[in-house]
Every structure is written in C-alpha cells, then in structure tokens.
Amino acid sequence: EIKTAYRRMARKLHPDVNPDNERAQVLFKKVNEAYEVVGDPNRRKDYDQFGDNWKHADQMRNMGGGRGRSAGRGGGGINLNDLFGGGRGQSAGGFADMFGGAGGRAQHQQQQSQRPPEIVKHKGTIDVSLDEVYAGTSRRISIGTSGTSKRNLEVDVPKGVLDGKKIRLRPDAKTEVTLTVKVRPDKRFSREGANLRADINIPLFDAILGGEVEVPTMTGRIALNIPAGTQNGRSFNIKGRGLPKANSDGSGDLYATIKVRLPDTLSDEEKRLYSQLRDIRNGRPSHDDLIDVLNHKEEPAE
C-alpha cells in the first residue's frame with residue numbers, strides 16, 4: 001500500500017507532467033526523499049530524532065547533537081507534515097493516511113492518546129415500589145453498544161431512595177449511564193421524605209369510648225390504643241416506623257391520622273338512644289325521664 005501511494009504521488013508530481021510547475025517539482029523531490037524515510041526503519045528513526053537533518057544523523061550523533069527537528073518549510077529538507085498534508089494547493093493523494101504521518105507518526109499518536117475519549121451517554125428510568133424503597137433493591141438493565149449488540153448492567157437502588165433521585169454509572173471510560181428513580185404511589189401510605197402517613201378509620205364508638213385499632217406498617221400491622229374522646233383528624237406519631245433515611249442511619253416516623261367513621265343508617269332504637277345521649281349532653285331531661293316522672297307522680301293524700 002505504501003508503494004502504491006508513493007507511485008501515485010510520484011506520477012502526479014513528476015516533472016514531465018508538470019514541466020512549468022516549480023512547486024510540483026519540489027514536492028516530487030520531497031516525495032522521493034520521504035519514501036526513503038518511510039521504507040527504511042533506521043531512516044525513520046533518524047527522522048524522528050533529527051527531523052529535516054536526518055541525512056546528517058551520523059555526523060550529528062558524533063558531534064553529540066540531540067533532537068534537531070526543523071520547523072521550517074524551506075530548504076531541501078523533508079517537512080513531512082507539509083508533504084503528507086498536501087502542502088499549499090497540492091493534494092497528497094492520501095499519502096498521509098497511508099503512512100500515518102510518516103516521521104511525525106509518534107507525535108500524532110501521542111496527541112491522539114492524550115485526547116479525552118468521546119463519552120456515549122445513556123438515560124433511562126427505574127420504577128420501584130415503596131416496599132423496594134424500604135428494603136432496597138436492584139435492577140438489571142441493557143444498554144446498546146455498537147450495532148445491535150447489548151450490554152447488561154446491574155444497578156443497585158439504595159434503601160430510602162427518593163423519588164426523582166438520579167443514579168449515575170460509569171461502567172467504563174467511554175460510557176455514562178444516568179437513571180432517574182420513579183417511586184410508584186402506594187395505597188397504604190403517603191410519603192414525606194423518610195416519614196409515612198396513613199389514614200386510620202375507626203367507628204364513632206371507639207372515638208368516644210376509646211379502644212384498640214390496627215395500624216399498617218411497612219413490616220405488618222400493629223396495635224394502637226385510642227384514648228376516649230379522640231377527635232377526628234388527630235394524628236399519632238409512631239416512632240421509627242417510617243422509611244430508612246437516605247444516606248444516613250435511622251428511620252423516619254409513621255403518622256397515623258384518625259378518621260372517625262359515622263354510621264350510614266340508624267335503626268329506630270339507635271335513633272332513640274342517640275336522642276337520649278344528646279339530651280343528656282345538653283343537660284335536659286330525656287323523653288324517657290319525663291315519662292318516668294309522669295308514671296311515678298304521687299297520688300294526692302286522702
């Protein structure tokens with residue numbers, strides 16, 4: 001391939017083809033000199049060390065000369081960057097690609113190695129339940145690489161993860177994965193950070209007289225004592241029964257909010273009893289009390 005590229009450029013720049021083009025004749029000479037360099041490893045080494053003075057490498061080594069690269073474009077030396085880059089107005093016909101920059105190859109490769117790799121970015125969403133937030137979980141995802149191939153990754157979702165949290169992965173220097181966590185709504189609880197809230201329905205009698213009710217938690221149901229006279233909407237704080245705190249130790253709390261459930265229908269007897277309770281509450285004698293008074297009224301003395 002090198003020889004083919006050389007012959008193509010030599011024919012293009014030959015003085016017989018370009019009799020009045022001095023620039024082409026100069027380039028033709030340089031192409032020949034360049035071919036001498038490229039085709040001989042020792043000469044390539046001399047060029048890498050001494051640049052345009054490569055022909056005098058032995059003399060310069062004997063004189064203790066170091067690196068003697070010339071950045072100039074004139075003279076009879078070979079400026080391979082000019083030559084392989086096509087010079088001014090002249091095409092190198094792919095010579096630079098074929099030789100990989102010839103004498104300047106090492107420098108070119110060094111520049112390429114220093115260039116940061118292009119990062120391929122992937123984005124996605126992970127849906128998790130509240131139970132998975134409580135216990136922590138993991139997901140296996142697939143990302144596209146080149147062509148139709150896929151790459152599998154294991155993603156850890158930490159305990160207490162917040163809705164909207166972004167999890168970033170760098171499986172290698174050229175790949176970046178950003179996943180947004182979406183926590184699905186839960187029928188039992190609403191969430192406030194690490195704290196949970198739950199509505200607890202209780203009958204009217206338990207609210208008035210007190211009693212024991214069951215409260216759901218992330219690990220099962222527990223008993224909660226309700227004192228007599230509990231008002232609708234009162235909240236009970238159950239310590240440590242919430243979610244794990246993200247990025248720290250401990251857990252949040254569970255707030256159980258009382259919702260007093262009224263009866264939908266009442267029997268006649270229930271209506272009568274509620275009526276009595278209302279009269280007693282208001283400090284008035286009940287209907288039955290008045291009947292008793294009338295039935296036990298003293299007879300007049302004889």
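The values are calculated or read from the model by the stated rules, or taken from the named source; none is laboratory data. Since the model is a prediction, treat every value here as computed from it, not as a measurement. Here Cβ is always computed from backbone atoms with ideal geometry, including for glycine, and neighbour counts include all displayed protein chains.
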If I filter the range 205-212 for residues that are within 18 Å of PRO263 (Cα to Cα) and surrounded by fewer than 13 Cβ atoms within 10 Å (Cβ to Cβ), do I get at least one hit?
yes
Check on VAL155, under 30 Å from GLU192 (Cα atoms), of a type in the set (A, V, I, L, M, F, W, C) and not in a strand (DSSP E or B):
no
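For the range 14-45, how many residues meet the condition of being touching a residue at least 24 places away in the same chain (Cβ under 8 Å), aliphatic (A, V, I, L, M) and out of contact with any Leu (no Cβ under 7 Å at 6 or more places or on another chain)?
2
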Within the bounds of the range 110-117, is there any residue that is in a helix (DSSP H, G or I), of a type in the set (Ser, Thr, Tyr), modelled with pLDDT of 85 or more and over 17 Å from the mean Cα position of the chain (by Cα)?
no
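Yes/no matrix, rows are residues, columns are (1) surrounded by fewer than 16 Cβ atoms within 10 Å (Cβ to Cβ); (2) assigned by TED's automatic domain parsing to the domain that holds THR137; (3) under 21 Å from ASP131 (Cβ atoms):
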position	(1), (2), (3)
GLU214	yes, no, yes
MET218	no, no, yes
ILE226	no, no, no
PRO244	no, no, yes
ARG272	yes, no, no
ARG284	yes, no, no
List every residue pair whose Cβ atoms sit under 6 Å apart, with the two residues 6 or more apart in sequence or on different chains, where the first one lies in the range 238-252 and is of a type in the set (S, T, N, Q) and the second, anywhere, is modelled with pLDDT of 95 or more.
SER251/GLY240; SER251/GLY242; SER251/PRO244
